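J.: My questions will all concern the structure given below.
The values are calculated or read from the model by the stated rules, or taken from the named source; none is laboratory data. Values in this document were obtained by computation on a predicted structure and should not be read as measured data. Heads up, the Cβs are rebuilt from the backbone with ideal geometry, glycines too, and the neighbour counts pull from every protein chain shown.
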């Protein structure tokens, strides 16, 4: 039997972590916005900046992990409910490949009313999780767009610095050519007055070159700061973009899974005692069932659609579970007969 408090605990953790993740991402993006406006650029504390972004990324990853675990746990509980439904008609269902101990420990079929109660609990948590996904996705989209917008501003400032550095470098090259010309055309010692004037001009050119070099050094330093900021916050933007894709995949799977649970619930309704009714069913679950009944396409090609969303879910969120493709040489070796 499903233990609702287990799912409730996971749901509470996911809800709290989502709030923290959104707050952390917003804080990091707000700091980036200050850099976009050019604030505090001369006194940036990079360890603090990196810690801020790292903590935001860790919270985002933790939220995704919790939501992923909850989607999978609900799916597993649904599989168990479906198995119990099949065992109403075949007590050996699900035990075909089970070991001897599992066969001995296997209980008799659960009562339809008990399975329905489990599905009601699963559907209630599913509805709450669906609300979290509907809260998370627009927040992540907004945060990602803000992050990209401010990153573009910082990148544009770095590009302007690139242009300024090129201009300063050209000035330095021109100044160096002037110094070379003065050295080559220095008056002889017989013209002391001209030589003194040339030396003064040479010193002026050299001082101006030093000034230009200092300007280039300052510009290069400012460019390094901008580039380091870009590197830090590009990671946050990438994680936010990944979160949007992950939430979309989880929400799509959850939507089809909810249809599967309601379809199973309706099938069990024909087996349950009519007197049991819907006592204890929450308004949230009733709303899901009403929406299912109002949708003429609900339950249509359910097996095919579930297989599709499960494949997308695995590909995007659990790629390590995908089968490893066999190379041509390995395939040829496997095709060779033994002996």
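For every residue, the table says whether it meets (1) over 14 Å from residue 125 (Cα atoms); (2) over 17 Å from the mean Cα position of the chain (by Cα); (3) modelled with pLDDT under 90.
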{"position": "5", "(1), (2), (3)": "no, yes, yes"}
{"position": "13", "(1), (2), (3)": "no, yes, no"}
{"position": "28", "(1), (2), (3)": "yes, no, no"}
{"position": "39", "(1), (2), (3)": "yes, yes, yes"}
{"position": "67", "(1), (2), (3)": "no, no, no"}
{"position": "84", "(1), (2), (3)": "yes, yes, yes"}
{"position": "87", "(1), (2), (3)": "yes, yes, yes"}
{"position": "90", "(1), (2), (3)": "yes, yes, yes"}
{"position": "98", "(1), (2), (3)": "yes, yes, yes"}
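J.: Quick test of your reading of the structure: residue 299 fulfils all but one of (1) part of a helix (DSSP H, G or I); (2) modelled with pLDDT under 90; (3) closer than 19 Å to residue 81 by Cβ. Name the failing condition by number.
T.: (1)
Yes/no per residue for (1) within 30 Å of residue 34 (Cα to Cα); (2) crowded, with 16+ Cβ neighbours inside 10 Å; (3) at pLDDT 85 or above:
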position: 165; (1), (2), (3): yes, yes, yes
position: 168; (1), (2), (3): yes, yes, yes
position: 175; (1), (2), (3): no, yes, no
position: 184; (1), (2), (3): no, no, no
position: 190; (1), (2), (3): no, no, no
position: 193; (1), (2), (3): no, no, no
position: 198; (1), (2), (3): no, yes, no
position: 209; (1), (2), (3): no, yes, no
position: 223; (1), (2), (3): yes, yes, yes
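J.: So, residue 56, is that one touching a residue at least 24 places away in the same chain (Cβ under 8 Å) and farther than 30 Å from residue 123 by Cα or not? Working first, answer last.
T.: Details: touching a residue at least 24 places away in the same chain (Cβ under 8 Å): yes; farther than 30 Å from residue 123 by Cα: yes.
Yes, satisfied.
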